[in-house]
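Worksheet for the structure shown next.
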Amino acid sequence: MDAKDILGIPKTTPSLPHEKKSRPPKDSQRKPDGISREVYALTGGLAPLMPSIDVNQLKKKTQAENEKITWQWLPFTSSARKDNLQLYHWVRVVNGVPPTGDYSFAKYNKSIDVIKYTDEEYEKFLEDPAWTREETDQLFDLSARFDLRFVVIADKLPYSRTVEELKNRYYSVSRAILIARAASPADVSGHPLVKEPYNLAQETERKRALSMILSQSKHQERRDAEVYAEAKKIMEARMAAKAAQDSELIPISTGGAGDAERDNVNVDDESPSNPQFLSAPPISIAETASASASLRKLRVYLRTYGFEQMVQAASSSAGLRTIKRVEQILQDLGVNMKPKVPTKTVCEEHLELRKEILTLLNLQKQFQYKEAEGSSYREGSYPETPGTPKSFQRILDQDRTFIPDSTCFGGEHIVKRDQKRKAPGRPTDASSSPANKRPRKLKNTDE
Amino acid sequence: MKNASASAAERGEDSNNHNSKSPAKRLKDVEVSVPIVYGTISFWLGKKATETQSHKWTVYVRGATNADLGAVVKRVVFQLHPSFNNPVRAVESPPFELSECGWGEFEIAITLYFHADACDKPLTLFHHLKLYSEDEPGTQSIKKPVVVESYDEIVFPDPSENFFARVKNHPAILSYVSAPLGLHSVEEVNEAKEEETKDHPLSQWFKNFSEGDELSKLAAARQQVQGHIVKLRNQLSSMNGQLESVVIECD
């Protein structure tokens, strides 16, 4: 019967079920006498824990002791009525004095002041090719009767005119009369009719657009939403491209110049490596420039936030593996990933350090590449290299001894990769290596 | 009607930016940086601790050298855990701190509102309130609090003229002026002077953040990396030379 029976767990103490059984009969007996059984059952069979409304909190209508209140059936008149109809209603009479004053609802009897023009005025100002005198008169008459409810007026008029046309005629006539009757144009310029005239074309267009949207099917709605999203994306992309362009123009020239200077300081026959070297930084320089431009646009930002943005920008050109290697090197050098005391100088130094590590990694890649080339020469896979493999090998061995030096930070990776890589079976000049460099680089970043 | 409201909005924007008659000029090559420290200090209440109130803690934002932040920050709003009464607490004047009693750890959102001439947008920081120390779990001392502080700097990249004039000579606020060209020659217009720590009951627990340690580590690291770069470059150039000579020989 019970889940507990099935599981074999002993039932709980018998006192509980007894309590449960005794409670319902007690409850139904305990209902108060004031309310019926069904109503009481609405509350769930139990009295509410707390009274929902505290009777003492309700406001009491104060009645002064000396006043005597009676109610009388008295006649009354209303200023809103033009006839003298007398109606009767209950009136609260205080001490035998009936209340005075107008019928309290008479103040709501408002009407619109429709302009009435004379014949003269019509001839002078209100002539319109599309409207005859009769039509205009009818329009105004109906406007007065129906309180400017143009939809009704449109129905009432015998000739078919759209609501917008009626409005247009009415407002332009009123406006013309206003201006004509005004003592000077300045007086009326504050009037809303004069300030913002009714624009028929705009209104018709607006209503048409509204009705179109209203009657759009779901399918069309979805399509519209998609188009909007795409437009937004295009706009954003355009903005981003523009911002990047603006900030790229200046820093690239200075950045490129700075790097070229540093290279020339070292050795003269660095020239083949120069073009290769310059190809790497401008990508990240553009990124950092656009990152710093977007930071400058913020009115205020935290140094740590700015730092993170710059780090992301600087490592945007590098693949995930490269970033991990940079972080590994940072760790080995004993530098915190995120500076504990991020002052301006500390952050700048850290960013410079990261850039330098990227440069170092780049150089290491080039180095291995060169080595691979060298080894391909050594294997003599083409007839053009008959001589002096020995001297080459010596140089390579010499170079190999340098690699253990660099194992002090993450060098194991370098050695492994060297063994993994196959030599390209193509003779490459130093000058054409940049061309080959690029496909290589792409491969690395894909890793 | 649309044109009228658009120009009114523009005019409103302008009047917000400047209190004086001239429109506020923003200085493009000046950067104002306010070093701050924010964090929590929490004391165990010992014998007086109850189930719901076992610790008394204070969350605060202070200048890094204990200088007054009132020149830059107008008010600070601390957003506490919803189980607190009125979890949104605003502190309108320095010292920007808030003390409470509680039993649980949670993340506090600290929103800084700046004076109008500094910035009209607020900035929010997050800090995790730590009540229990990591070492010797279980043993807590009434006298030794758990202190967690973080250092950061509020950067105003394009300060307005008024703001800059106001804080130029403030002891706790750093201003950096960069040369008009893209190259950064950073001069510190103001060095953060050692201001005598104002009497604050908790100032004995404040940590001192100095950049010297990190700077020296970074400089050493950079030197190492640069050394390796130079070595590699030399190797590469010599290899290139060899390759060229080999190719020439082969031809």
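The values are calculated or read from the model by the stated rules, or taken from the named source; none is laboratory data. Only a predicted model underlies this, so the values are computations on that prediction, with no experimental measurement involved. Ideal geometry is used to build each Cβ from the backbone, glycine not excepted, and the neighbour counts take in all protein chains shown. With ligands, DNA and RNA removed, areas are computed over all heavy atoms of the protein, side chains included. Shrake-Rupley method; radii C 1.70, N 1.55, O 1.52, S 1.80 Å.
List of remarks:
- Within 10 Å of each Cβ in B:110-120, the average number of Cβ atoms from other chains: 1
- Rounded to 0.05, the FRET efficiency of the B:Ala219 and B:His128 pair, given R0 = 22 Å and the Cβ-Cβ distance, is 0.10.
- Residue pairs, from the table A:Lys242/A:Lys324; A:Lys338/B:Lys168; A:Lys297/A:Lys344; B:Lys48/B:Lys130; A:Lys338/B:Lys56; A:Lys338/A:Lys365, whose Cα atoms sit over 22 Å apart: A:Lys242/A:Lys324; A:Lys338/B:Lys168; A:Lys338/B:Lys56; A:Lys338/A:Lys365
- 10 Å Cβ neighbours from other chains, averaged over peptide B:200-208: 0
- By accessible area, using a 1.4 Å probe on protein heavy atoms only, segment A:65-175 has 51% of its surface on carbon and sulfur.
- Seen from all directions on average, segment A:67-211 presents a Cα convex hull projection of 14.8 nm².
- Contact residues in segment B:127-173 (at least 20 Å² less accessible area with all protein chains than alone, 1.4 Å probe): B:Tyr151, B:Asp152, B:Glu153, B:Val155, B:Pro157, B:Asp158.
- In this label model, A:Leu74 and A:Asp246 are separated by 7.7 nm, measuring between points 7 Å along each Cα→Cβ vector.
- Computed from the C-beta positions of B:Ser238 and B:Val148, the FRET efficiency with R₀ = 51 Å rounds to 0.45.
- Overall form of segment B:17-144 per C-alpha gyration tensor (a/c, 1.5; a/b vs b/c): prolate
- Accessible area buried by the pairing of B and A, both sides summed with a 1.4 Å probe, works out to roughly 5500 Å².
- A straight chain from A:Tyr108 to A:Asn336 at 0.36 nm per residue would run longer than the Cα-Cα distance by 74.3 nm.
- With each label modelled as a point 7 angstrom along the Cα→C-beta vector, the A:Thr204-A:Gln328 pair spans 7.5 nm.
- The length gained by stretching the chain between B:Gln204 and B:Ser245 to full extension, at 0.36 nm per residue less their Cα-Cα distance, is 7.8 nm.
- Inter-label distance for A:Glu196 and A:Met212, nm, one decimal - labels placed 7 Å from Cα along Cα-to-Cβ: 2.3 nm
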